[in-house]
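Taking it in order: structure first as structure tokens, then the write-up.
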Amino acid sequence: MYLEVTTLENNTLHITCSVGGFFLNSSSRDKFNPLPAKMDYKSHTLVELLKKASPHFSSKFSNLMNRKIT
């Protein structure tokens, strides 16, 4: 499966989902390229990959997870 995600920083990420996990691929909006991107972001979960690739997501996700349930 392949995903296109726009981050909170307004960057577009092209993500490959495989049995081994998730990684950024070298695709663009105009051209499909499933090879791993030069940025070596790989993870076993989509959330961990997004936290590595997007500092804003990482911060917001941490805040959300630290909120107390009322």
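Details
- Enumeration of residues in segment 22-66 that are closer than 19 Å to E9 by Cβ and among the basic types (K, R): R29, K38, K51, K52, K60
- Of the residues in segment 52-70, at least one is open to solvent by less than 60 Å² (accessible area, probe 1.4 Å), touching a residue at least 40 places away in the same chain (Cβ under 8 Å) and part of a helix (DSSP H, G or I).
- Residue check for N10: part of a loop (DSSP other than H, G, I, E, B), polar (S, T, N, Q) and loosely packed, with under 14 Cβ neighbours inside 10 Å: yes
- So K42, is it surrounded by 11 or more Cβ atoms within 10 Å (Cβ to Cβ), among the charged types (D, E, K, R) and free of Cβ contacts under 8 Å to residues at least 12 places away in the same chain: no
Results for (1) of a type in the set (A, V, I, L, M); (2) surrounded by 13 or more Cβ atoms within 10 Å (Cβ to Cβ), shown as yes or no for each residue.
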residue	(1), (2)
Y2	no, no
I15	yes, yes
V19	yes, no
F23	no, yes
E48	no, yes
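- Residue count for segment 1-22, restricted to those that are touching a His at 6+ places or on another chain (Cβ under 9 Å) and modelled with pLDDT of 95 or more: 9
- Of all positions in segment 25-34, at least one carries a residue that is touching a strand residue (DSSP E or B) at 6+ places or on another chain (Cβ under 8 Å), within 16 Å of T7 (Cα to Cα) and open to solvent by 50 Å² or more (accessible area, probe 1.4 Å).
The values are calculated or read from the model by the stated rules, or taken from the named source; none is laboratory data. Small disclaimer: the values here were computed from a predicted structure and weren't measured. Every residue, glycine as well, gets a Cβ built from its backbone with ideal geometry; the counts of neighbours run over all protein chains shown. SASA here: full protein model, heavy atoms, side chains in, ligands and nucleic acids out. Shrake-Rupley method; radii C 1.70, N 1.55, O 1.52, S 1.80 Å.
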